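Colleague: Have a look at the structure that comes next, please.
The values are calculated or read from the model by the stated rules, or taken from the named source; none is laboratory data. This one's a predicted model, so the numbers in the text were calculated from it and none came from an experiment. All Cβ positions, glycine included, derive from the backbone under ideal geometry; neighbour counts span all protein chains shown.
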Amino acid sequence: MSYKDATYTSDHLVFKGYELKDAQGNDIQTLTPEDETIAREHGMQGYPWLYWGTHTSGTPFLQPFLQGGYMPGKSGDSIAEKLKDTSSPEAQAILGAANVTTAQICALTGDQPGDVCSAPGVVAAKAVLG
């Protein structure tokens with residue numbers, strides 16, 4: 001899976017993904033000058049790093065969801081298979097991270113779209129975020 005050149009636009013948000021280095025640390029993509037300025041102004045200190053339009057979060061925010069060693073070297077299919085068992089540690093971490101990310105997006109979009117932002121996992125994540 002790669003975020004290189006990934007984009008998404010909806011009525012509620014715009015996503016621009018960058019993948020700056022490959023698994024070996026080689027440069028594969030660079031930020032636009034505008035995005036480089038945002039990263040510098042907000043103190044990007046490592047990867048992954050997220051700019052939410054009003055503030056940032058980086059590796060410390062995501063680290064709890066990336067621990068456990070189940071992601072490196074796994075195919076998308078094998079990870080998808082683990083998601084079928086929502087009680088598995090892999091599914092708990094991935095779904096938890098997705099709910100926290102979605103809750104953050106909902107905070108920025110005024111809880112839109114409502115059906116997504118009112119989902120039980122997202123509501124629980126909002127409570128954690130404060």
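Colleague: Applying the selection to the stretch 15-44, what residues are under 25 Å from residue 106 (Cα atoms) and assigned to a loop (DSSP other than H, G, I, E, B)?
Modeller: Matches in the stretch 15-44: 17, 18, 19, 42, 43, 44.
Colleague: Looking at 37, 56, 101, which one is modelled with pLDDT of 75 or more, under 25 Å from residue 130 (Cβ atoms) and out of contact with any Gly (no Cβ under 6 Å at 6 or more places or on another chain)?
Modeller: Checking each option against the conditions leaves just 101.
Colleague: Just one of the numbered conditions (1) loosely packed, with under 14 Cβ neighbours inside 10 Å; (2) touching a Gly at 6+ places or on another chain (Cβ under 9 Å); (3) assigned to a loop (DSSP other than H, G, I, E, B) is not true of residue 8; which one?
Modeller: (3)
Colleague: Sort out which residues of the stretch 110-130 are surrounded by 15 or more Cβ atoms within 10 Å (Cβ to Cβ), modelled with pLDDT under 95 and within 16 Å of the chain's Cα centre (by Cα), and write them in order of number.
Modeller: Across the stretch 110-130, the qualifying residues are 125, 126.
Colleague: Return the residues of the stretch 22-34 that are at pLDDT 85 or above and of a type outside the set (Ser, Thr, Tyr); say none if nothing qualifies.
Modeller: If the condition is that a residue be at pLDDT 85 or above and of a type outside the set (Ser, Thr, Tyr), then 24, 25, 26, 27, 28, 29, 31, 33, 34 are the ones that fit.
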